[in-house]
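In what follows, a structure is listed as structure tokens, so that the remarks can point back to it.
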Amino acid sequence: MRFSLPFGITPTKRVLIIAIVVGVIAGTGSLLFYEGLKWGIAFFMGYLLQYAYPQEGQSVATISQWSEPHSLILLIPIMVFGSLLTGILVTRLAPEAEGHGTDEAIKAFHGDGRIRKRVPVLKAVTAILTISTGGSAGREGPAAQISAGFGSVVADMLGLSPRERRIALTTGIGAGIGTIFKAPLGGAVLAAEILYQRDFESDAIIPAFLASVIGYAIFGFFEGYAPIFLLGPLSWTVWQIPLFILLGVLCAAFGLLYIFLFYGSRDLFAGVFRRYNLPLYLKPVSGALLLGILVIALALISPEAEMLGLAGMGTGYGFDQLMIYSMLPLAVVLLLPFVKILATSLTLGSGGSGGVFAPGLTIGAAVGAALGIILHLFFPVYIPLETIPVFVVVGMISLFGAVANAPIAVLIMVVEMVGSITILIPAMAAVAVSHLLTGEKTIYRAQVPTKAQSGAHRGEYNRETLEGLFVRNSMTPGDAVITLSPLDEPGKVVDLMATTGHTGFPVIENDRLVGIVTNRDVSLTCLPGGECATIREAMMTAPVVIHPDDTLENALAIMVGHDFDHLPVVREDAPGTLVGFLTRTDILRSYARASHRVTCEPQEKGAGT
């Protein structure tokens, strides 16, 4: 059924309606998924395995009552059941539900903005099966894909434009994640930050704010508004900042290991099943079987090793809470990053369904706990016991903020999840270092570097067509370009804009290109106070340029990436020599002519035969 929005509704009101509808859906969908996950864990881990699961948000007195399973003999049958059912559902009905889900939502945004209607429900079911039967995965990926999927359904129902469809989809990502983690601000920022490696989707941020608040209100009404994790006494000083920077370095190293093993295992499982032509629905079973054997093998070694194996299962949030309370032995937290990386790689790399956020937080928490405990043992006065939880929380932020290429969003989210702003300063230092060291390595491979590489910002341009067109054939030649001198008055720019309709002009001095001035430069720098005497004070010096032999694909990528409307064209061997000027309009005209030729060629050939 389709209910198109009335044509007369303004764009602002349309976005407002989208945000409200997506927020309601995100809150309801996240609540149902969360309840299903709780029931699944209670049945498989509690009832069948007799495992008193440690849970996030429990007090010290309550969580200290957690206990290992009475017998691990049922673990492998439980894990095989969950993974087999997941494999059948994924391979037969929705291959997009495999893995962590966030990548599929990001890919849909950069593609046509569509997610099949069956995917949200199947993603919820398969994620519940994977996590509740012991697979190492989180709930952020499913929440993102579920809410984004329903956002796509809303777009179909309301007959939204491509731009509005993408706003609905990315707003769903942020609202879903922000809702299920009770972190509405972080979720909204994540919606804008997670799509790119070096960019930000500004159109999504405001509707995501509203949708996240609505989703959070609905979810919290039933589940409460308390933060995900409880904190005990905290203490840190500015003199400890270098140690938090060291933690950032360690988190960068473990983050890169996480990315490497995660995708390495995925390629390994896919290669083995392809080489031996094995049924794909058994792929998740193979990973679950290996993880179950690993947990049982560790349990046979010692009680601490059994604790390590159990910490590698599920979301890991209960063990994060134990680390915040400093209730795990040093031997466990030292080895936990490696075990959790391996367990997640086996679960999701083999085709299980769930998110990578929760495992990433556990890995970072363990790195922080290990460093904090070691420093406390050697320097108990300088690093008191109350500082260890700070290292745990900062480790969560530092590691996943780096590997997700979303340091700002993860910083805000985890601060909301622990309900304390006091760790903000050390966390900022650590995540800045870890993010710089990991560079553009990312756990979300569907991310693109900037808007220039996103299909959402390329209009209807065909990349292959643009790659066959060159700047020299599309630009305005140098002798026909209107140029200005740095000594001209800003008023001359305004007059030229009024008479020519152009919004930017190259600035030439002594026959050399020294800058470019646009309507934006003049309005921001000169017009408010009228303090500019010449264009030199307003122009952009060292402008971004392009060469005659570059393709229009490269030119458009630069324009979209920098939000430019024009590019000076210079000789490659003489960067200061202006030979032309290229605008977005020039690109559009050349593209239209080329597309027309391609369309007409088959007809002409047909007429000649």
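Each reported figure results from applying straightforward, stated rules to the coordinates on display, with no laboratory input. Only a predicted model underlies this, so the values are computations on that prediction, with no experimental measurement involved. Cβ coordinates were reconstructed from backbone atoms using ideal geometry, including for glycine residues, and neighbour counts include every protein chain displayed.
Legend: ranking of residues TYR225, TYR263 from fewest to most surrounding C-beta atoms inside 10 Å; resulting order TYR225, TYR263. The calculated Kirkwood hydrodynamic radius for region 115-155 is 10.3 Å, given to one decimal from all distinct C-alpha pairs.
Modelled label positions at TYR382 and VAL60, each set 7 Å beyond Cα in the direction of Cβ, lie 2.6 nm from each other. Per-residue ellipticity at 222 nm, computed for the chain from helices alone with -39500 (n - 2.57) per DSSP H run of at least four residues, works out to -20000 deg cm²/dmol. Listed by Cβ neighbour count within 10 Å, with the fewest neighbours leading, VAL249, VAL517, VAL545, VAL238 appear as VAL238, VAL249, VAL545, VAL517. Of all aspartates and glutamates in the structure, those lying under 20 Å Cα to Cα from LYS340, and not within fewer than 8 positions of it along the same chain, are GLU56, GLU68, GLU98, GLU140, ASP267, GLU304, GLU306, ASP320. Of all segments of the chain bounded by GluC sites (Glu not before Pro) found in a DSSP loop with no more than 13 other C-beta atoms within 10 Å, the longest spans 1-439.
Structural descriptor for the chain: relative contact order 16 percent, calculated from alpha carbon pairs under 8 angstrom and at least 6 residues apart. Packing around the peptides 294-300, 365-371, taken as the average count of other Cβ atoms within 10 Å per residue, puts them in this order, highest first: 365-371, 294-300. Counting 0.36 nm for each residue step from ALA574 to ASP495 and taking away their Cα separation leaves a gain of 25.3 nm.
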